[in-house]
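These notes are about the structure you will find just below.
The values are calculated or read from the model by the stated rules, or taken from the named source; none is laboratory data. Please read all numbers here as calculations on a predicted model, not as lab measurements. All Cβ positions, even for glycine, are placed from backbone atoms using ideal geometry, and neighbour counts span all protein chains on display. Quick note on the areas: whole protein, heavy atoms, side chains included, nothing else; ligands and nucleic acids left out. Shrake-Rupley method; radii C 1.70, N 1.55, O 1.52, S 1.80 Å.
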Amino acid sequence: MNRSVFIVLLSATLSGCVGSSASERFVRTAPPPQTPAQTSSQTQVPAREAFVAPRVQQGNGLDSIIGASANTLTARFGAPRLNRIEGDARKLQFVGEGCVLDIYLYPLQAGGAPVATHVEARAQQGGGVIDRARCIAALTR
């Protein structure tokens, strides 16, 4: 009896494997129809998005940071742990004993150089929000 149960289970397992591979078929389809090529006079260039000025953060202890360039910030805090550029925006991250300072730089006008417009500070352990001015003071050389 055990042998017949084993054979039934084995055949059911194998039929599942065979069934799945037989049901998976790749169907070759024709590529989508091509439209006639447009002449250069008909080609449209997408319009550039209009410049949107960033909101500039205000607050105690931020006067020496807001409006500063990346060079000014690295001279003050040293080499950033993170220096990420995305489009015309930039993020610098500075780490010191006990805190992490993220400074976001955006251009204030179209084509302008990015400057610090927003600052966030958090505890190095646990990531809890801490006083920005205190973190800035701790990181200043």
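Considering only the range 104-120, state which residues are farther than 11 Å from SER69 by Cβ and in contact with a helix residue (DSSP H, G or I) (Cβ under 8 Å, 6 or more places away or on another chain).
Listed by number, the residues that qualify are VAL119, GLU120.
Out of all the residues in the range 66-87, which are assigned to a loop (DSSP other than H, G, I, E, B) and surrounded by 15 or more Cβ atoms within 10 Å (Cβ to Cβ)? Give the derivation first.
Start the filter on the range 66-87 by keeping residues that are assigned to a loop (DSSP other than H, G, I, E, B), which leaves 66-69, 78-81, 87.
Once the filter is applied, which keeps residues that are assigned to a loop (DSSP other than H, G, I, E, B) and surrounded by 15 or more Cβ atoms within 10 Å (Cβ to Cβ), the range 66-87 yields ILE66, ALA68, PRO80.
Here is a list: ALA138, ALA116. Which entry is within 18 Å of GLY59 (Cβ to Cβ), open to solvent by less than 20 Å² (accessible area, probe 1.4 Å) and over 17 Å from the mean Cα position of the chain (by Cα)?
ALA116
Taking the range 121-134 as the region of interest, how many residues are under 16 Å from LEU62 (Cα atoms) and at pLDDT 95 or above?
Total meeting the criteria: 2.
Out of all the residues in the range 119-135, which are open to solvent by less than 50 Å² (accessible area, probe 1.4 Å) and either more than 30 Å from PHE51 (Cβ to Cβ) or of a type in the set (D, E, K, R) (or both)?
Our first condition is that a residue be open to solvent by less than 50 Å² (accessible area, probe 1.4 Å); within the range 119-135, this holds for 119, 121, 123, 127-128, 133, 135.
If the condition is that a residue be open to solvent by less than 50 Å² (accessible area, probe 1.4 Å) and either more than 30 Å from PHE51 (Cβ to Cβ) or of a type in the set (D, E, K, R) (or both), then ALA123, GLY127, GLY128, ALA133, CYS135 are the ones that fit.
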